[in-house]
1. Taking the conditions exactly as written (in contact with a Lys or Arg (Cβ under 6 Å, 6 or more places away or on another chain) and closer than 22 Å to B:LEU456 by Cβ), does B:GLY361 satisfy them or not?
2. If you check every pair at least six apart or on different chains, which have Cβ atoms under 7 Å apart with a residue in region A:36-52 that is within 30 Å of B:HIS192 (Cα to Cα) first and a residue that is charged (D, E, K, R) second?
3. Would you mind finding the one in A:VAL245, A:VAL239, A:VAL315 that is crowded, with 22+ Cβ neighbours inside 10 Å, at pLDDT 95 or above and closer than 21 Å to A:PHE396 by Cα?
4. Can you list residue pairs whose Cβ atoms sit under 8 Å apart, with the first residue in region A:107-128 being surrounded by fewer than 16 Cβ atoms within 10 Å (Cβ to Cβ) and the second being acidic (Asp, Glu)? Count only pairs 6 or more apart in sequence or on different chains.
5. Considering (1) closer than 30 Å to B:HIS195 by Cβ; (2) buried (at least 20 other Cβ atoms within 10 Å of the Cβ), say which one A:LEU308 fails and leave the rest.
6. Would you please name the residue that is surrounded by the most Cβ atoms within 10 Å (Cβ to Cβ), looking only at residues in region B:179-195 that are at the interface with chain A (Cβ under 9 Å from one of its Cβ atoms) and within 21 Å of the chain's Cα centre (by Cα)?
7. Within region A:334-359, work out how many residues are within 14 Å of chain B (Cβ to nearest Cβ) and either basic (Lys, Arg) or crowded, with 16+ Cβ neighbours inside 10 Å (or both).
8. So, in region B:265-289, how many residues would count as being more than 7 Å from every other protein chain (Cβ to nearest Cβ) and of a type in the set (S, T, N, Q)?
Number of protein chains: 2
Amino acid sequence: MEFMKGIQRKETVELADLLSGDYTGKTVSLNGAVHTIRDMGEVSFVILRKAEGLVQCVRERSVPVYRAGGGCAAATQEAADEGREIADGRLENTDNGPEIPSTELKEESTVTVMGIVSLEPRAPQGVEIRLTEIKVLSTPAEVLPIAVSKWKLNTSLETKLALRPITLRNPMERAKFRIQEGIVRGFRDFLHSQHFTEIRTPKIVARGAEGGSNVFRLDYFNKKAELGQSPQFYKQTMVGVYDRVFEAAPVFRAEKHNTTRHLNEYTSLDFEMGYIDGFEDVMAMETAMLQYVMKLLSEEYEKELLMLNVTLPDVSKIPAVTFKRAKELVSEKYSRPIRNPYDLEPEEENLIGRYFKEEFGSDFVFVTHYPSKKRPFYAMDDPRDPKYTLSFDLLFRGLEITTGGQRIHDYDAIIKKMEARGMDPEELASYLMIFKYGMPPHGGLGIGLERLTMRLLNEQNVRETTMFPRDVTRLEP
Amino acid sequence: MEFMKGIQRKETVELADLLSGDYTGKTVSLNGAVHTIRDMGEVSFVILRKAEGLVQCVRERSVPVYRAGGGCAAATQEAADEGREIADGRLENTDNGPEIPSTELKEESTVTVMGIVSLEPRAPQGVEIRLTEIKVLSTPAEVLPIAVSKWKLNTSLETKLALRPITLRNPMERAKFRIQEGIVRGFRDFLHSQHFTEIRTPKIVARGAEGGSNVFRLDYFNKKAELGQSPQFYKQTMVGVYDRVFEAAPVFRAEKHNTTRHLNEYTSLDFEMGYIDGFEDVMAMETAMLQYVMKLLSEEYEKELLMLNVTLPDVSKIPAVTFKRAKELVSEKYSRPIRNPYDLEPEEENLIGRYFKEEFGSDFVFVTHYPSKKRPFYAMDDPRDPKYTLSFDLLFRGLEITTGGQRIHDYDAIIKKMEARGMDPEELASYLMIFKYGMPPHGGLGIGLERLTMRLLNEQNVRETTMFPRDVTRLEP
């Protein structure tokens, strides 16, 4: 019987090993995709693309190119053809196949190369591999329709997205989503350290949390169902169970407008916390989380930040201003009349961002006490003036990236508010159950991951920071 | 201007602090939900439920009960009523409200209590709080319809799920999902340490990866769309970008059969890795991941494991057997004729699990080389015998919890296989793009999180280990 016992060390080295250990003068084996080949006559430069960066290899004309044995399967096939015995279920390791002309080595071929490591300050990682052997693992069927190996992809967003599976191979493109990974890691790790529990809530729901017209509907075994616009009801429910919870998961909004900041499917970073003294506790938690995220990015994603020329914003302190006051400040400073005291236009958001950058040097600003009619029914109204709520948005360089606030936790209060809005409590009975049987004072927020990434990377369109965006015209790739 | 600077230390202590520091004889303040009240005449025991466990409090009759000031909002309201000035946007902290009769303190009330810590070996955490003051933060509108505070919920699965928002408050119920959190954390942290990048792929797709009839369809701006059955195409795509990737996200299957092991929405733990020598590399990675997860659970989720009486399985080595051989072994040992050599019935899976437990003491077994016609078109056929694939399932106590294998990476090979199956390559052009322009040899797997949790906790129905299950009859809560 064969047993799996865990991972075994491979013969190939990883880039991190290569750079941390002293490999100079030693022969190593490593694999990767052929990013570019530059033929200089006697020698050619073969740049390997690995997940962690590019590696410069030098090939003299005499260095042989082999086809791979074709993986375990082909190796075993060969063994079987030759009548050699094969242990039950166990396949042998790959070997070299036949030698092939070096013209068979192409850009986007994947290879395992062998060579001697030498220091080379002009090479991407300060090292160079002087090749002794190349084994081709796979060969593309066609030449790339776009020069992925260029430093910056020189093409329209439209083309970039149509060819997304390929254009993401460009080092600058892929660096964006490494940083996005870092944001999510930071969000989770920080909240975990603050005793939050990670939850997993359903995306097919009977009724969305936000209501309105922007819901995707589907047929669920002859019942009407919707795709969740937010995990709101579920995360509040779970505050009754774990006190503090979070989730990083997709949400769906059937927005018909095709703007630079809307997506029909995006990642919402949600948290919700019980036993708060006010919504300020939620803002404080978000501030601390952002501080943690920026620190993590500066420590572990330095290479990507450098590549994208990104300077991390200062989040040591974030100003907070009321909705009403923010409108006044902007109106005064930029001589812009207030048209509607209960609404914030995108242009106004932008100016608020500008104001706090100019006056306080801050890229972020919390805008608090949004008008009640602009917030969902579960938002807690301000007892001082119930036209406003105990809630906030966080603007990052003039764009809303977070909506949050304190929620109603009292059963009678939420029923009253629903009725005042003409809603039928019967329809949300399984959500209202949590208030009927007792809930602590609580609040929370939702952050749009792609928007946060977009602002952080100074991109102008949220599709730039979405791996495979979904919008009104885009369902593929 | 007010600034948010991060979290400030609260006056209330957390359970972890209480147990780690030396608080004996000291006065502390802590909050929680009233889990039970046991009236003994002169004193009553008030058991507080916090996220991390239960805390025993003792209340003498004379200890006053106050209503909370009602949070910042109410405190500020009061200040406003009294004409006191409130700084812009800044609300004051909560204070005590009026004293109320102690009968107002109810089960599922949430409170902040003050009291003196004393050692008490018979109490849940070995400590007891002798109360000096109780502040009621919220009061339920009705008495719980089910005794959540019982050690084990004594009710049908049907009732448990109908009242899920409440029944999850039961300490044993919530312990299950803490362990589930731990599994996901371990999965991610281990893969991160192995240079995998976390990806986020769309759930609204043009076409599912598995095809067939079990897809949920929706109208996407007058185009036909589906809910993703698996991130398969996208994770393969991202192997061309990052070499190794993973995702833990929801998948959707419109299965019409309502069994103890099927869900219509579940969490799939997916990873995909390039530059493999064979699918054994994928099995080895999964084995090492499970080793890491079990270690993490034993170290950080000990309390929950103890509460649920769970012994972690030994994953130091996992046997691997071919599909064909597994069927023979089971047929011989349990005198069961092989009815269909190319199919594995649930009963057979169960017996394979039993066989490897009896013969090798293993709770897990890899079954390799599944028949080609039982696998999707992208599975790589075994060159030795193309009726079988270079693939595997992982069974845990006789239940399939993982499907994985090596994928075809050659463009011509995948086109040929699609055509042989009567599929139209045009329809999957944006997926096939990755092979056309070059892909490394690669493979991966998908793990059903809820099933893995179910087997680990020795539950008999996958709904027991799903926070809010979706099945043919269940769309709420």
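1. On the way: in contact with a Lys or Arg (Cβ under 6 Å, 6 or more places away or on another chain): no; closer than 22 Å to B:LEU456 by Cβ: yes.
No; evaluated as a whole, the condition is false for this residue.
2. Within 7 Å, the pairs are A:THR36/A:GLU107; A:VAL46/A:ARG59; A:LYS50/B:ASP243; A:ALA51/B:ASP243; A:ALA51/B:ARG244.
3. The conditions single out A:VAL315.
4. Short answer, once both residue conditions are applied: A:SER118/A:GLU128; A:LEU119/A:GLU128; A:GLU120/A:GLU128; A:GLY126/A:GLU120.
5. (2)
6. Just the residues of region B:179-195 that are at the interface with chain A (Cβ under 9 Å from one of its Cβ atoms), to begin with: B:180-181, B:184-185, B:188, B:192, B:194-195.
Narrowing the set further to residues that are within 21 Å of the chain's Cα centre (by Cα) leaves B:180-181, B:184-185, B:188, B:192.
Details: B:GLN180: 27, B:GLU181: 21, B:VAL184: 18, B:ARG185: 20, B:ARG188: 21, B:HIS192: 14.
Across region B:179-195, the extreme among qualifying residues is B:GLN180.
7. Count: 4.
8. 1
The values are calculated or read from the model by the stated rules, or taken from the named source; none is laboratory data. Remember, it's a predicted structure, so these values are computed and weren't measured experimentally. Virtual Cβ from ideal backbone geometry, glycine too; neighbours counted across all protein chains shown.
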